[in-house]
Amino acid sequence: MSKDIKNNMDFSSAPFDAALALPTGEVFYGYGIGAKGSTFGEICFNTSITGYQEILTDPSYDGQIITFTFPHIGNVGTNSEDIESTNKPSAKGLIIRENITNPSSWRNTNHFNQWLKDRKITGICGIDTRAITKHIRLNGAQNVAIGYGKNLDIEKLKALAKNNPDLSGKELTENASCEKIADWQEGLWKKAAPAAQFRIAAIDYGIKSNILRNLVNSGFAVKLYPAKTTAQQILKDNPDGIFLSNGPGDPAATSQFAIPIIKELIASGKPVFGICMGHQLLATALGCTTEKMFQGHRGANHPVQDLQTKKVEITSQNHGFVVSENTPKNVDVTHRSLFDNSIAGIKSGHCFSVQYHPEASPGPHDSHYLFKRFFDMVKKSAAKKAA
């Protein structure tokens, strides 16, 4: 890949006003979208063809710049419903191929470019996203920088990309977590939630709203807890089950404060269910280790096999870390990715977790059964306790 790559796609008669700098010195030129300024983060790519609002507002993307492999991003505009978090960190930036067109959707309420400005997200279009994706696949996760505006300082962008580390060792969940204990009552859109039968304590490491909606629609009364809430405080409220959420950053860093809490919650005997970061933290509490992936899994089309039923699910995924293969005897691997055979789910006694996102948003609904599985575990546990 040569340095200072000029783009030959005719987006506009105006000169390029944005640049993407890689830590190795390469620079891609294009057109700025969203908020003017500069941003940096660990680059990744997402293969979803829908759901760009949900992706960009997922707190798990804190610290990352997303390359969308689908070329038409923003063409259906934005709305106030397809949001995974309104008050938490989101993606640091985005890279897309085609310029944003005028929206074409009855649900649109705001042009995507204006929506990006409102959220202070800086991006670049007119970029050969195939070349960027190939670069990530060959070179792995790395820090990059985007600059948008007049008089771009390319050397400064190169320094931002080169001198800032990737996500290895970064603890980001505390900033993505809620600030205080609160009840969550919203169910899935326009669907009447059943009366709550059991109470769930959801530990927030950067939780997606649609996970909470699915828990409510599964029959749970959900109470949300900040990431560093003590086990004593959670157990004092006497929940029927524990949920460990998704979140950003390196699980090994979050483990420093989270694992003693989770171990105490496991010891209580209450059913525990974890998703993504919650899966990695639960696995760590059970004696597993985690490691950084070369390029991560991100998209809404990832096949996973349930090793117990042999069923293959098409799943939504977003993770750059994974549970290592050296699992202890007390942990059973229940799911595996059919892309690279990495661990995608575990079970141990009254605890289970998955690496992917059964709540989708965006993505297929093949894995919604996991919420019912959790409900059945809680119901069985409550019946046993009552007896």
Looking at (1) under 27 Å from Lys223 (Cα atoms); (2) surrounded by fewer than 23 Cβ atoms within 10 Å (Cβ to Cβ); (3) not polar (S, T, N, Q), which is the only condition Leu281 fails? (2)
Being in a strand (DSSP E or B) and among the β-branched types (Val, Ile, Thr) is the filter; apply it to the stretch 180-215 and report the residue that is surrounded by the fewest Cβ atoms within 10 Å (Cβ to Cβ). Ile200
Please verify whether the stretch 186-202 includes one or more residues that are free of Cβ contacts under 8 Å to residues at least 60 places away in the same chain, outside the structural domain of Asp82 (by TED's automatic domain parsing), over 19 Å from His368 (Cα atoms) and in contact with a Leu (Cβ under 6 Å, 6 or more places away or on another chain). no
Does Glu98 meet the test of being under 30 Å from Ser218 (Cβ atoms), surrounded by 15 or more Cβ atoms within 10 Å (Cβ to Cβ) and among the acidic types (Asp, Glu)? no
Positions within the stretch 341-373 being out of contact with any helix residue (DSSP H, G or I) (no Cβ under 8 Å at 6 or more places or on another chain) and of a type in the set (Phe, Trp, Tyr), in sequence order: Tyr356, Tyr369
In the stretch 349-366, residue surrounded by the most Cβ atoms within 10 Å (Cβ to Cβ) [restricted to those that are of a type in the set (Gly, Ala, Ser) and modelled with pLDDT of 95 or more]: Ser353
Filter result for the condition that a residue is without any contact (Cβ under 8 Å) to a residue 60 or more places away in the chain and part of a loop (DSSP other than H, G, I, E, B), over Ser104, Ser85: Ser104
Looking only at residues in the stretch 336-375 that are among the aliphatic types (A, V, I, L, M) and in contact with a Phe, Trp or Tyr (Cβ under 8 Å, 6 or more places away or on another chain), which one is nearest to Asn217 (Cα to Cα)? Leu370
Among the residues of the stretch 149-163 satisfying the criterion of being among the aliphatic types (A, V, I, L, M) and surrounded by 18 or more Cβ atoms within 10 Å (Cβ to Cβ), which is nearest to Gly320 (Cα to Cα)? Ala161
Within the stretch 158-179, restricting attention to residues that are in a loop (DSSP other than H, G, I, E, B), touching a Pro at 6+ places or on another chain (Cβ under 9 Å) and polar (S, T, N, Q), which residue is farthest from Asp376 (Cα to Cα)? Asn164
Would you confirm whether any residue within the stretch 288-298 is surrounded by 23 or more Cβ atoms within 10 Å (Cβ to Cβ), of a type in the set (S, T, N, Q), touching a strand residue (DSSP E or B) at 6+ places or on another chain (Cβ under 8 Å) and modelled with pLDDT of 95 or more? no
So, in the stretch 299-310, exactly how many residues are exposed (fewer than 15 other Cβ atoms within 10 Å of the Cβ) and closer than 22 Å to Thr47 by Cβ? 2
Would the stretch 228-240 turn up any residue that is buried (at least 24 other Cβ atoms within 10 Å of the Cβ) and more than 22 Å from the chain's Cα centre (by Cα)? yes
Touching a strand residue (DSSP E or B) at 6+ places or on another chain (Cβ under 9 Å), within 16 Å of Phe28 (Cβ to Cβ), surrounded by 17 or more Cβ atoms within 10 Å (Cβ to Cβ) and of a type in the set (A, V, I, L, M, F, W, C), is that true of Ile146? yes
Count, please, the residues in the stretch 337-361 that happen to be part of a loop (DSSP other than H, G, I, E, B) and not acidic (Asp, Glu). 11
With the structure loaded, tell me whether Gly320 is small (Gly, Ala, Ser), within 17 Å of the chain's Cα centre (by Cα), in a strand (DSSP E or B) and crowded, with 22+ Cβ neighbours inside 10 Å or whether it fails that test. yes
How about the stretch 108-143: which of its residues are assigned to a loop (DSSP other than H, G, I, E, B) and either modelled with pLDDT under 95 or surrounded by 15 or more Cβ atoms within 10 Å (Cβ to Cβ) (or both)? Asn108, His111, Arg119, Ile121, Gly126, Ile127, Asp128, Gly140, Ala141, Gln142
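The values are calculated or read from the model by the stated rules, or taken from the named source; none is laboratory data. Computed from a predicted model, the values in this text were never measured in an experiment. Cβ coordinates were reconstructed from backbone atoms using ideal geometry, including for glycine residues, and neighbour counts include every protein chain displayed.
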